[in-house]
1. Gain in length, residue 125 to residue 61, computed as 0.36 nm per residue apart minus the alpha-carbon separation, to one decimal in nm?
2. Out of residues 5 or more away from residue 98 or on other chains, whose amide H comes under 5 Å of its own, with H placed 1.01 Å from N in the peptide plane?
3. For the ranges 116-125, 142-151, what's the packing order if you count other beta-carbon atoms within 10 Å of each residue, average per peptide, and put the highest first?
4. Label-point separation (nm) for residue 72 and residue 24, each offset 7 Å from Cα along Cα-to-Cβ?
5. Take the Cβ-Cβ distance between residue 31 and residue 108 as r, set R0 to 25 Å, and report the resulting FRET efficiency rounded to the nearest 0.05.
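Laboratory data are not the source of any read-out in this text; all were calculated from the coordinates shown. What you see is a predicted model; the values in this text were computed from it and never measured. Don't worry about glycine lacking a Cβ; one is built from the backbone with ideal geometry, like all the others, and counts go over all protein chains shown.
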Amino acid sequence: MHYESDPTKELHVSVSFDPAIDRAAMGRDFAAHFGTVGERQDDIRYGNRDRKLLRFVEGARASVFVLRPLRVYERAQCDSLPTAESRWLRALSYALVRAEVCPPLSWKSEVVFPRESSDGRPILDSDGLDYLGELISYEALLEIGAVAYARSKLGPFGGGFAPLPATSAFVLARQLLSHADTPTATASDTSTIAAG
């Protein structure tokens, strides 16, 4: 089992659309690492988040998000929320140990830590989420939160996990390109069909 797939350990995660990641150099390892989401539920392929598969653009450094496993009550809190996005953001607020953000994903280099909550446990509160979102984008928050949430479903012997969420900027761009490649009927095509 990869260390990254062990739900009892901290996990170091990068965002799929971080410009520091050399997608071309990764080839098929890109989908093996990040997973994929298609238009149907059957198209989901889980990624293993194995950091050894990552390749980077020369001279660039990827932002890294360190996540701890969710506790049972934290998972229950996430599960009680009505939308996937709200569950992912709540999971991120609980799971984030630190975010080491840097250009090109972020507009500046900074390490962001969660604050201590009223019960003494660290949590990335709404102000912290807003600030981190300003540094790296809302889409990046959702992708990292989806990893934190999906990972909490694993047992100690779980396999791969955490596909890219359907709202991932990478997935949306790929879907737009696939729709652009789909031929559409033109007026001449439809008149030929009607005549035939």
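1. Going from the current span to full extension adds 20.4 nm.
2. Amide H neighbours of residue 98: 66.
3. On the way: 116-125: 12.8, 142-151: 26.0.
Most protected by this proxy first, the peptides run 142-151, 116-125.
4. 5.1 nm
5. E(calc), rounded to 0.05, equals 0.25.
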